[in-house]
Amino acid sequence: MAALSVRRWTPKHVAKWLREEGFCDYVELLCNRHRLDGTSLLALTEYDLRSPPLELKVLGDIKRLMVSIRKLQKNNVAVLEELGLPFDAHSPSGSGGSLDWLCNGESSRDCDSTDTAPVGEDYHQYTNGKYKQQMRRLDPECWKTVLSSIYVVFVFGFTSFVMVIVHERVPDMRTYPPLPDIFLDSMPRIPWAFAMAEACGVILCNIWMLVLLLHKHRSILLRRMCSLMGTVFMLRCITMFVTSLSVPGQHLQCSGKIYGDMWAKIQRAVAIWSGFGMSLTGVHTCGDYMFSGHTVVLTMLNFFVTEYTPRSWNFIHTLSWVLNLFGIFFILAAHEHYSIDVFIAFYITTRLFLYYHTLANTRAYQQRRRARIWFPMFSFFECNVNNPVPNEYCWPFSRPAVMRRLIG
């Protein structure tokens, strides 16, 4: 075998070499299961040994095997050059090792450890002459954004219809008085507070629309907003339909109201949908208490504004949180919802937002079968988003040019 060029080795030759070097335990894995021949053996790196599908677990074996491979590479430099894999005597991981060496558990593509920028890839050069690979371009996938927009519009329409059904089933206040609530019982009602809560929501919505307009990856942001908002409100449809709570205050003149035939119900649902369910637009509903839709909107807008603006924008982040918290306070001060309605809405919204973005930024879990089963919509919308979305801004229109230069 010594006279035979390594380039012409078959898996059987590699198996014999492994046995001679004392790695009998890996013959089955490398030669029988993965059909490693001479060429692929020369190209093998430590990153290959640590990563799927090999995933060797014994550190000592990994290091010893790499030492043997390095000796083999050193004796076959000419073959490596023919294969386009130049031998670097100072690289700790073999041919091409500058790209595959692990740095804190990650490939050097994520660490500034390469001295030359590979051809065909976008690398940023630091002042010390080293390179770091830039993140891949994020595909806006506008058609998915359109689907998510259709989804959230449908959910809002369905929510409006469920609110009509719930209004017909609202308990009679004479039979079912307001439930005991520590916060509501200890705080007098402020008549104008609910209008102030909606005003906080309108301000937050305008801030978010401005961020969305100027963000470079606005399509991905809008898709995430629509999918999350639609999912939370779909859950709200279920909870308020299953359980009908008595009204939280005597000031709410609510009684079971029959809207007649299906056409009348649809007309009322359209009125609620077109008015965004807000009292500022003249929409007044009863029975939709578990859980608070206003709290969901306030909290979701706050989290999106703070997530997709730079950490240094302290004023915007502080303003966003103040509007969110004051909006929640005004909802309770108006006695429009029980305290538990607001708490559950805040908890569900924040948890769903954080879970979604944690999964979106963790590629290892995103590709697993479990994610596709339990989070099919997430897997569909996020399958091609390979990196965390950076906070980059640009002017979306061609004019005025001064705005493009200022923001872009």
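The values are calculated or read from the model by the stated rules, or taken from the named source; none is laboratory data. Treat the numbers as computed from the prediction; the structure is a model and nothing was measured. Backbone-built Cβ (ideal geometry, glycine too); neighbour counts: all protein chains shown. Each accessible area value is taken on the protein alone, full model and side chains, heavy atoms only, with ligands, DNA and RNA left out. Shrake-Rupley method; radii C 1.70, N 1.55, O 1.52, S 1.80 Å.
At-a-glance table
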| read-out | value |
| --- | --- |
| Single condition Thr145 does not satisfy, out of (1) more than 30 Å from the chain's Cα centre (by Cα); (2) hydroxyl-bearing (Ser, Thr, Tyr); (3) at pLDDT 95 or above | (1) |
| Of all residues making up region 280-324, the number that are part of a helix (DSSP H, G or I), of a type outside the set (S, T, N, Q) and either open to solvent by less than 10 Å² (accessible area, probe 1.4 Å) or touching a residue at least 12 places away in the same chain (Cβ under 8 Å) (or both) | 17 |
| Answer residue from region 330-348, given it is surrounded by fewer than 24 Cβ atoms within 10 Å (Cβ to Cβ) and hydroxyl-bearing (Ser, Thr, Tyr) and is farthest from Ser279 (Cα to Cα) among those | Tyr347 |
| Whichever residue in region 58-86 is in a loop (DSSP other than H, G, I, E, B) and out of contact with any Lys or Arg (no Cβ under 9 Å at 6 or more places or on another chain) and, among such residues, is nearest to Ser5 (Cα to Cα) | Asn75 |
| From the options Val247, Val242, residue that is hydrophobic (A, V, I, L, M, F, W, C), free of Cβ contacts under 8 Å to residues at least 40 places away in the same chain and under 27 Å from Asp185 (Cβ atoms) | Val242 |
| Candidate set from region 1-12 (those that are in contact (Cβ under 8 Å) with a residue 24 or more places away in the chain and surrounded by fewer than 17 Cβ atoms within 10 Å (Cβ to Cβ)); member that is nearest to Ala43 (Cα to Cα) | Arg7 |
| Per-region count, region 1-57, residues aromatic (Phe, Trp, Tyr) and not in a helix (DSSP H, G or I) | 2 |
| Set Ile182, Ile220: member being of a type in the set (Val, Ile, Thr) and surrounded by 16 or more Cβ atoms within 10 Å (Cβ to Cβ) | Ile220 |
| Odd one out for Gln250 among (1) polar (S, T, N, Q); (2) open to solvent by 60 Å² or more (accessible area, probe 1.4 Å); (3) under 15 Å from Thr159 (Cβ atoms) | (3) |
| Identity of the residue in region 13-72, acidic (Asp, Glu) and touching a residue at least 40 places away in the same chain (Cβ under 8 Å), that ends up surrounded by the most Cβ atoms within 10 Å (Cβ to Cβ) | Glu46 |
| Which listed residue, of Val402, Val385, Val389, is modelled with pLDDT under 90, in a loop (DSSP other than H, G, I, E, B) and either touching a Lys or Arg at 6+ places or on another chain (Cβ under 9 Å) or not charged (D, E, K, R) (or both) | Val385 |
| Hits in region 261-279 - residues which are within 13 Å of Phe194 (Cα to Cα) and assigned to a helix (DSSP H, G or I) | Ser279 |
| Only one of Ala360, Ala345 that is among the small types (Gly, Ala, Ser), under 19 Å from Phe304 (Cα atoms) and modelled with pLDDT of 95 or more | Ala345 |
| Residue that is surrounded by the most Cβ atoms within 10 Å (Cβ to Cβ) [pool: residues in region 145-161 that are farther than 14 Å from Phe381 by Cα and among the small types (Gly, Ala, Ser)] | Ser160 |
| Options Val211, Val202, Val162: the member that is within 17 Å of Thr285 (Cα to Cα) and either modelled with pLDDT under 90 or part of a helix (DSSP H, G or I) (or both) | Val162 |
| Number of the condition not met by Lys216 [criteria: (1) more than 28 Å from Thr145 (Cα to Cα); (2) in contact with a strand residue (DSSP E or B) (Cβ under 7 Å, 6 or more places away or on another chain)] | (1) |
